[in-house]
Amino acid sequence: MWYELLKENARKNRNNPTEAEKAMWDLLKKNYKGFHFRRQHIIGDYIVDFICLSSKLVIEVDGDYHLEDNQIILDEARTKIIESLGFKVVRFSNYDVLYNPTKIKKELFNYLK
């Protein structure tokens with residue numbers, strides 16, 4: 001039951017991405033540097049924005065609400081759980097994704113090499 005709810009939410013998220021998620025997907029969707037990415041993928045009890053299963057890299061695109069104290073605590077706990085499953089979690093701000101794609105590409109390249 002829980003998985004089905006997550007699956008439905010992931011589908012909704014894929015169909016209604018934020019502007020920054022659209023921009024990130026435009027970068028990743030054509031096998032970025034030979035790596036295949038998925039969007040809105042379920043890991044445990046979470047839906048991550050983007051994932052490359054072969055490199056075990058999770059990419060989260062964070063809006064301004066991720067700077068709020070309570071959300072920082074929740075994000076840290078979420079990151080620890082996902083990393084305990086063997087993944088590396090990388091976070092990019094909406095601003096950087098939208099206005100500094102060169103920085104994003106450089107950082108992604110460093111994580112993937």
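The values are calculated or read from the model by the stated rules, or taken from the named source; none is laboratory data. All values derive from a computational prediction rather than experimental measurement. Reconstructed Cβ throughout: ideal geometry from the backbone, glycine too, with neighbour counts over all protein chains shown. Areas reflect the complete protein model, heavy atoms only, side chains present, ligands, DNA and RNA absent. Shrake-Rupley method; radii C 1.70, N 1.55, O 1.52, S 1.80 Å.
Quick notes on this one:
- Candidates I82, I51, I47, filtered to the one that is in contact with a helix residue (DSSP H, G or I) (Cβ under 9 Å, 6 or more places away or on another chain), open to solvent by less than 40 Å² (accessible area, probe 1.4 Å) and within 21 Å of L6 (Cα to Cα): I47
- For segment 62-86, filtered to residues that are modelled with pLDDT of 95 or more and assigned to a loop (DSSP other than H, G, I, E, B), the residue that is farthest from Y46 (Cα to Cα) is G86.
- Within segment 54-79, considering residues that are farther than 24 Å from N100 by Cβ and of a type in the set (G, A, S), the one most open to solvent (accessible area, probe 1.4 Å): S54
- So I104, is it hydrophobic (A, V, I, L, M, F, W, C), under 15 Å from the mean Cα position of the chain (by Cα) and either open to solvent by 40 Å² or more (accessible area, probe 1.4 Å) or farther than 20 Å from R39 by Cβ (or both): no
- Within segment 1-44, being open to solvent by 60 Å² or more (accessible area, probe 1.4 Å), outside any helix (DSSP H, G or I) and in contact with a Lys or Arg (Cβ under 9 Å, 6 or more places away or on another chain) holds for K29, R39.
- Residue within segment 4-27 that is in contact with an Asp or Glu (Cβ under 8 Å, 6 or more places away or on another chain) and either on the phi > 0 side of the Ramachandran plot or among the β-branched types (V, I, T) (or both) present: no
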